[in-house]
Structures are given as C-alpha cells and as structure tokens.
1. Could you please state, rounded to a whole Å, how far the C-alpha centre of the stretch 238-293 is from the C-alpha centre of the stretch 96-148?
2. For the chain, what is the relative contact order in percent, using Cα pairs closer than 8 Å and at least 6 residues apart in sequence?
3. With +1 on each Lys and Arg Cβ and -1 on each Asp and Glu Cβ, and nothing else charged, work out how big the dipole of the stretch 154-202 is about its Cα centre, in Debye to the nearest 20.
4. Where in the stretch 1-104 are there trypsin sites (Lys or Arg not before Pro) that are in a DSSP coil and have at most 10 other Cβ atoms within 10 angstrom of their Cβ?
5. Ordering Ser76, Ser188, Ser59 from largest to smallest accessible area (1.4 angstrom probe), what's the sequence?
6. Tell me the angle of helix 270-282 to the major Cα principal axis of the chain, expressed in degrees between 0 and 90 and rounded to the nearest ten.
7. In terms of solvent-accessible area of protein heavy atoms at a 1.4 angstrom probe, what is the ranking of Leu156, Leu119, highest value first?
8. Can you send over the carbon and sulfur percentage of the accessible area for the stretch 1-96, probe radius 1.4 Å, protein chains only?
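The values are calculated or read from the model by the stated rules, or taken from the named source; none is laboratory data. None of the values given here were measured: they were computed from a predicted structure. Reconstructed Cβ throughout: ideal geometry from the backbone, glycine too, with neighbour counts over all protein chains shown. All accessible areas refer to the heavy atoms of the entire protein, side chains included, with ligands and DNA or RNA removed. Shrake-Rupley method; radii C 1.70, N 1.55, O 1.52, S 1.80 Å.
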Amino acid sequence: MADIPDLIGYLNGRFAPLAELQVPVLDRGFLFGDGVYEMIPVYGRQPFRLAEHLRRLQSSLDAIRIPAPHTAAEWSDIIHTLIARQDFADQSLYLQVTRGPAYPRNHAFPAEVTPTVLLFADPLLPPAPALLEQGIAAVTQADIRWLRCNIKAISLLANVLAKQYATDENVAETILLRDGLLIEGSASNIFIVHDGVILAPPPSHLMLTGITYDLIIELAGQHGLPLSVREIGEAELRAADEVWLTSSGKEILAIVELDGQPVGKGVPGPIYQAMHAHYRSFKNDVMRQGKDQ
Ligand code: PDD
C-alpha cells in the first residue's frame, strides 16, 4: 500500500494523524459494508452546502437505521475543527458512519452497538485545464446495483466494478443504464443537452441525487438556460448534442466521447461552456466566500 499521507483525521472523538487511526476488525463497516458516507467539498475552508450534506447524511442513516451519532451542531463543530487543522484551504472532506463493531458476526443488527465515525480531508484539486478544454471520454454499462441507490452507502462494490471498467477502457467514467434509461455515472450524475435544452434524469431510488446536481439545476434557472428534469432514454443519450458529468470532486466536465463515438461535435459544447462559466463564478463568488453553506 502507498504510504498514508500526513493528514489529521478524526475517529470517534479523537483528532490524530491518519496513520494512527485504527478501527476494530469486527467493525460492521469492514465485515458487511454496513455504513454510509458523504463527500463534502471545501473551498477556502468553507464547506459547501454543509446543511444539505448533513440532511443527505441523515436520510442515509435513517434509511439503514443507524441512530444519528451527532446532532447537526456537533457535526458542524467536528467538521470545522478538522478543516482548520489541515494545511491546505481547498479540501475534499470524507465523512463515514458505520454501524460499529459487534461480535459475533451476524447479518442482523446487534442489540447494542456504537456507530464508528471517521472523517478525513484530502487536498481538493480542480480538474486539470486540459480536461476542461478537451473534455473526457466515457463508456456505458448495464446498472447492476441494488434498488436503493439514493442511499449514500459505503457498500459500493457495483460502483467500484463500473469505475474499474472505465479505467480498464482508458476512459474517465462509466455511465449506467437501467431498463433502457440513463441513470447516473459510477461516481457522478449525468446531464445531457438536446436541441438547446439541458435534460436531467429525475431523482429516484435508483440514483444518488448529487449536491452538485441540485446546484446545476439552480444555476440553469438563475441564468435562463432551458432545463427539463425527465427520464432520458438510451437512444437520446447516444444522440445528445452534449453530455456532462457532475460531482463534488469533478465539478462539471464535458463527456465528448461515448463508447468510442463522438458526442455532438466531439468537443465541449456551447451550453457546457456557459454552465461551466456560471459554475466557476459561483465557486469563486459564493462558495469560497462561504455565502451559501
Ligand atoms: N460521489 N452519484 C454517485 C453514484 C456518486 O458516487 C456521486 C458522488 C454523485 C454526485 O454527488 P455529489 O454531487 O453530491 O458529489 C452521484 C462521491 C464524490 C464519492 O463517492 O466520492
């Protein structure tokens, strides 16, 4: 394994270098993937839409019946302390809650168990300029995940295999299709543009509604870019003028090649350029200033 970087993390009440933090082998996160997580982007030490991330965390915890280990105010304290302890201002903050350690190993929930809470922050680097200018390539695959993809669960085996498929194919992302419909990427949401209209698949139990997804829809509204939230068929995806990927880490990227075929003209399209400019301004004027948490 690569060396663990010299970063301060948080485990169950203790701030310490990541390499010193350890969880018991009987933790149900390790044995069953029994837990949930969030990835919160932090710009200029300001966590972006913390309240929304904490709301999504709470709904994931409720869905898998883990009692909330902290109130929103406690989470905010832990998160701000962790942010302050890093050497870098732009951070990708990872937060994970598992059901906790239990013996004997048993699929059913143990009667008494204390959730394990882990946080750490990595430097958050914006996508390389070449990616913004040239766009990225993607492939498609059948979505073999379960029917509760709206839960941000740490059990990500199908997502891991989908992303590895992209890596093996030398592309950046795998777009998942279920029953002939566009769902999302292995670790991102997907938008398309058709005849000047931005199309977004509707939130459902089959996809994770990104905080970035919500922001893109808001920005389209604010700047008068036509947008419709509706189901998108595979044929529409393949005939799209533009395809975009969004996530907290990747921001918004144009997919210019899909399954080896060019998307539209094979370069980032005009509506992507417009949306990316709005996103960049929003990041600098609002996110970095902590005006929209
Ligand atoms: N993943 N859909 C899936 C399956 C995801 O894993 C992600 C993000 C998103 C976008 O959500 P957001 O805009 O809130 O980042 C959609 C994170 C970044 C991860 O797993 O690391």
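1. After rounding, the separation between the Cα centres reads 23 Å.
2. Relative CO of the chain lands at 19 percent.
3. My answer is approximately 120 debye.
4. For trypsin sites (Lys or Arg not before Pro) across the stretch 1-104 that sit outside H, G, I, E and B with at most 10 neighbouring Cβ atoms in 10 Å, the list reads Arg65.
5. The most accessible residue leads, giving Ser59, Ser76, Ser188.
6. With both axes taken from Cα atoms, the answer is about 40 degrees.
7. Leu156, Leu119
8. The value for the stretch 1-96 is 54 percent carbon and sulfur by accessible area.
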